[in-house]
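Below: one structure, written as structure tokens.
The values are calculated or read from the model by the stated rules, or taken from the named source; none is laboratory data. Model, not experiment: these values are computed from the prediction. We place every Cβ from the backbone using ideal geometry, glycine too, and count neighbours over all the protein chains shown.
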DNA sequence: TACATATATCTCGATTACCAAGATATTAGT
DNA sequence: ACTAATATCTTGGTAATCGAGATATATGTA
């Protein structure tokens, strides 16, 4: 075969990783801009996004997912609750737990802010054939999985420096 | 033709946008973890990433790109400079300007932290045929462009609420 | 040339997210 | 009952960020 294992990455593969990285940078920036235009702090909006994907979760789970200290999550939930983005609900099975329930019905601003991107993405999707879109969608899932793995290994890892110098 | 313009998105297209959003959430989280494991604040690492992509830019450009106030950028550059990630260089053509020059030679920690993800991404890329990878890489470019457009329209837009309450 | 205006960065004071550690409430195990 | 484990909240301190003004340089106009 023409390609061996553990070769240096090809030029095409490097081009691909570069594009992934660019996409990542823009994604982070976009997220920050959306958060600020909603009057939310980054982690507040990120948490809304996480809740959107995962559905109701406990405060502790959100702490693990975001990497924030539990005290920070308490304050974060306070803010989101005050603005009507979520509500607290105690778990009847374990009354120590606080379940965070997203409240999207009354909060169309979030979807409204996201809508233009969504529309553009649908448009982009429509420019591909069914087969191509399937390939891309599956790829996105795999890429997500790779990143999630990396998050796990980073959060498990030495954790090295703590921030305040 | 079988598909009309302005239809509702198909199930496949919705699936696609959902995956994009998941990827975005994970990307933001990953970025935060990397930043913290490098002992950097999010915007500091984000700025390094921007500099990595764009090369040397002025403080003002970084302010626009990150959405941070100019005063915040001053402090941010101070931190990065102190840690040797960048250096300041005055523009001989316009001595008001401060050009931020990335210093990667001595700072392998950054690439080291990024390497595992890079390796996994190369691996993922290698699982595709040349044609498929080309399709995906081109897609990534288009998706980046879409997000960049959205950032522009958000930063141009009302800007609505400012954060402190 | 002199002067006003625009632009780029920096400085300063105030606000507030965040962390770390301890406090409180509930559950689980013996 | 009693101890330990778990989940969230509270408190105090630190520092990133903002906003507004200060400083330095550049540009335009008479």
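Miscellaneous remarks
- Test: residue in segment B:84-96 that is at positive phi, surrounded by 15 or more Cβ atoms within 10 Å (Cβ to Cβ) and within 16 Å of DNA strand C (Cβ to nearest atom): no
- Filter pass, residue A:28 being away from DNA strand C (no atom under 12 Å from the Cβ), modelled with pLDDT of 95 or more and farther than 28 Å from residue B:114 by Cβ: no
- Segment B:48-64, residues that are away from DNA strand C (no atom under 12 Å from the Cβ) and either surrounded by fewer than 20 Cβ atoms within 10 Å (Cβ to Cβ) or in contact (Cβ under 8 Å) with a residue 40 or more places away in the chain (or both): B:48, B:51, B:52, B:53, B:54, B:55
- Residue B:143 vs. criteria within 12 Å of chain A (Cβ to nearest Cβ), surrounded by fewer than 17 Cβ atoms within 10 Å (Cβ to Cβ), assigned to a helix (DSSP H, G or I) and out of contact with any strand residue (DSSP E or B) (no Cβ under 7 Å at 6 or more places or on another chain): no
- Qualifying positions in segment A:115-140 - modelled with pLDDT under 95 and more than 8 Å from chain B (Cβ to nearest Cβ): A:115
- Residue match in segment A:100-112 (condition: exposed (fewer than 14 other Cβ atoms within 10 Å of the Cβ), modelled with pLDDT of 95 or more and within 11 Å of DNA strand D (Cβ to nearest atom)): no
- Considering the conditions (1) modelled with pLDDT under 95; (2) crowded, with 20+ Cβ neighbours inside 10 Å; (3) within 12 Å of DNA strand C (Cβ to nearest atom), residue A:67 is excluded by exactly one of them, (2).
- In segment A:6-38, the residues that are farther than 18 Å from residue B:139 by Cα and without any contact (Cβ under 8 Å) to a residue 24 or more places away in the chain: A:6, A:7, A:8, A:9, A:10, A:28, A:29, A:31, A:32, A:33, A:35, A:36
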